[in-house]
Amino acid sequence: MNDRKGFGSNFGFLMAAVGSAVGLGNIWGFPNKMGANGGFPFLILYLALALCCGVIIMLGELALGRKTGHGAVGAYQSISKRFKWLGWLGIAAAALIFSFYSALGGYCLRYVVVNFGNLIGAEFGTNGVGGADVFQGLLSQPDVSIAFALAFMLITMLVVMSGVGGGIERVCSVGMPALFFILIICIIRSCTLPGAADGLKYMFVPGWAVANGIIDEAPGFWRVLTAAGGQMFFSLSLGAGVMITYGSYVKKDVNLSRSLSQIELFDTGVAFLAGLMIIPAVFVFSGMDGMSSGPSLMFVSLPKVFASMGVAGPVIGLVFFVMVAFAALTSCISIMETLVANCMEIFHQSRKAMSLTVGVLATAAAVVVCLGYNVFYFELTLPSGATAQILDLMDYISNSFLMPFISFLTCIFVGWVIKPQWIIEEMEASGHTFGRKKLYAFMIRYVTPVIMAVLFLQSAGVFNLVQELF
Ligand code: PHE
C-alpha cells in the first residue's frame, strides 16, 4: 500500500505537475512551431486554445484522478466499465510518447556532455566541430544515441522507483524553480544581442513578418490551428493519463482550481519565455532558415548561436542543455509514473517490479526509435504532407491522433455521461468554492468537444481527404 503514497505537500504536487507539463514541448516545440507558423498568429491561437480547451480538459483529468484515487484505467473503470478502454487508450499514448521522448532525452544528455567538454576544453567536446555534425553523428551512429537514451532511461527509472513523495516530488521541487532561473539568464543574454529586436517583432507585432518580407504570405488558418492544437495537448500533458494519475496522488484539502491555474500559467509562461530566448537569438544568427527546421532548431541552430557568443558561449550552451535535459527528465518521469502506477494497479505488483518491467520494455522501444534513422530507415508521407521516420510517426500517432481523440472522448464522458456536476463536486470537496462552475459546465458540454473534434478531424487528415474526394 505504501507504494501508492501520494504527494507530501501542495507545492510538491504543483512542481511535479509543472515538471510534467514543462518539457521539450515548451522549450523546443513551442518556439519551433511558433517560428514555423508565422509568429504572432500562432501565439494568439495557442493562448485561445489553452484557455478554452486546455484548462477544461486538465481540470477534468485531475478531478477524475483525485475523486477515484486511481490511475487512468482504474479511474474510468471505477466509474463505468464501458469506458475502461478510454483509460487504456491514454496508456497507449503515454507508451508511444515514452519511446521517443527518452530517445530525445538521450540527445539532450549528449549535448550536455559535449558542451561540458567544450567548457573545459576536453576531448569529448566538439573541438571545433559544429552542432550539425554532433546531431548528424547521433542520427547515423546508433551506438551513441542508444547509449545516451539508456542513460536517460536509467535516471528516469531510478527516480520513479524511489516513489512519488520520495523521488518525483523531491526532484521536481528543486529542479523546476532552478529551470525558471536558468531560463531568465538565457533570455537576458538572447534579448540583448544586437539585432534581437527583429525576432521580438516577429513574435509580437501582427503582420510585421509579411510587411517586412520575412515570410511571403501569412500561413493559413487551418495550418496554424492544427499546429497550435497539437502543441497544446503535448505541452499540457493532456490525453495521456498523466494528469489523472498525478491527480490521484493529491490530498483532498488541496484547492484543485487554484493548482490548475498555476500549472497552466507556469506551462504557458515557460513556453513563452523559451520563445523569448530562442526566437530572437536564432533570428540574429540564422534568420528564418534556422527557425522552421524541426529538430535541428535545438540541435543545430542553437549550438551555432552559442558558438557565436564568444567566451560566454560554452557556459550558456552548457547551462541551456542542462536545463533542457532536466525539463525532459521531469516530463519523462511523469510518463513513466503513469505507466508504472497503472501496471501496479492492474497486475497487483510492487513499484520496484513494475518500474523494472516498464523500464526494460521502454528501453527496447527507445532503441527501435534510435535505429529509425539508420538501420530501420524509411520515409513515410504523413497526412500533413511531412515526411516521417519512426520518431515522427510515433509523434504523429500520439500527438495528432490519439491526444485530440482521447481529449474529445474525455469531454463527452465528463460533459454527457457523468455530467459536469460530478467534477464540480470534486472541485469543491476541499471546501473552496469553484467560482467558474457555470462557465465550466457550458464549455465542457458545448464548446471544448466541438473544438476537439475539429482538431482531431483536421490533424488526422480527414478534412483534406474529404476535400480531395469532392
Ligand atoms: N508536456 C511535456 C512537454 O511539453 C510532454 C508530455 C506529454 C509529458 C504527455 C507527459 C505526457 O514536453
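What net charge do the residues around LEU256 carry, taking every other residue with its C-beta under 12 Å from that of LEU256, with Lys and Arg at +1 and Asp and Glu at -1? Working shown, then result.
Working: positive: ARG66, LYS67, LYS251, LYS252, ARG258; negative: GLU61, ASP253, GLU425, GLU426, GLU428.
Net of charged neighbours comes to 0.
If Lys and Arg each add +1 and Asp and Glu each add -1, what is the summed charge of the other residues whose beta carbon sits under 14 Å from the beta carbon of LEU158?
Working: positive: ARG170, ARG351, LYS352; negative: GLU337.
Local charge sum for LEU158: +2.
With N set to the number of residues, divide the alpha-carbon radius of gyration of the stretch 369-470 by 2.2 N^0.38 Å and report two decimals. Let's see the in-between values first.
On the way: Rg = 19.1 Å, N = 102, 2.2 N^0.38 = 12.8 Å.
Cα-based Rg divided by the globular estimate yields 1.50.
Run the quick spin-label model on ILE120 and VAL205: label points 7 Å from Cα toward the beta carbon, then report their separation in nm to one decimal.
Inter-label distance under the simple model: 4.6 nm.
Among the trypsin sites (Lys or Arg not before Pro) in the stretch 3-60, which ones are in a DSSP loop with at most 14 other Cβ atoms within 10 Å of the Cβ? Mind listing them? Before the final figure, lay out the partial values.
Details: sites: ARG4, LYS5, LYS33; in loops: LYS5.
Sites meeting the loop and neighbour criteria: LYS5.
Quick one: the Cα spread of the chain along its three principal axes, in angstroms, biggest first?
58, 51, 44
Based on alpha-carbon centroids, what's the gap between the stretch 65-140 and the stretch 431-459 in Å, whole number please?
29 Å
Farthest toward the dipole's positive end in the stretch 350-429, which of VAL414, SER355, ALA388, given Cβ charges of +1 (Lys, Arg) and -1 (Asp, Glu) about the Cα centre?
The one lying farthest along the dipole's positive direction is SER355.
Charges only on Cβ, +1 for Lys and Arg, -1 for Asp and Glu: so what's the dipole of the chain about the Cα centre, in debye to the nearest 20? Intermediate results must be reported in sequence, preceding the final value.
Details: 24 positive and 22 negative charges, 286 e Å.
For this selection, approximately 1380 debye.
Just want to confirm a number: the relative contact order over the chain, from Cα pairs under 8 angstrom separated by 6+ residues, in percent. Don't skip to the answer; put the middle values down first.
On the way: 744 pairs, mean separation 151.6, N = 470.
About 32 percent, as a whole number.
Provide, for the chain, the number of lysine pairs with alpha carbons under 20 Å apart, each pair being eight or more places apart or on different chains.
Pairs that pass both the separation and distance tests number 17.
When the helix-only estimate is applied to the chain (DSSP H runs of n ≥ 4, each -39,500 (n - 2.57), divided by the residue count), what is the mean residue ellipticity at 222 nm, nearest 500 deg cm²/dmol? Could the numbers behind the result be given before it?
Details: 23 runs with 324 residues, N = 470.
Rounded to the nearest 500, the figure is -22500 deg cm²/dmol.
Where in the chain are the DSSP H helices whose alpha-carbon span along the long axis reaches 18 Å or more and whose Kyte-Doolittle mean is at least 0.5?
Membrane-span-like by this criterion, though nothing is claimed about a membrane: 55-68, 84-120, 142-161, 170-191, 221-235, 256-291, 312-347, 351-371.
Collect residues whose amide H, placed 1.01 Å from N in the peptide plane, falls under 5 Å from the amide H of ALA388; neighbours closer than 5 in sequence don't count.
LEU380, THR381, LEU382
A short reminder: the numbers here are calculations on the coordinates, not readings from a lab. Remember, predicted model here, so these are calculated numbers, not experimental data. In this analysis, Cβ positions are derived from the backbone assuming ideal geometry, glycine residues included, and neighbour counts consider all displayed protein chains.
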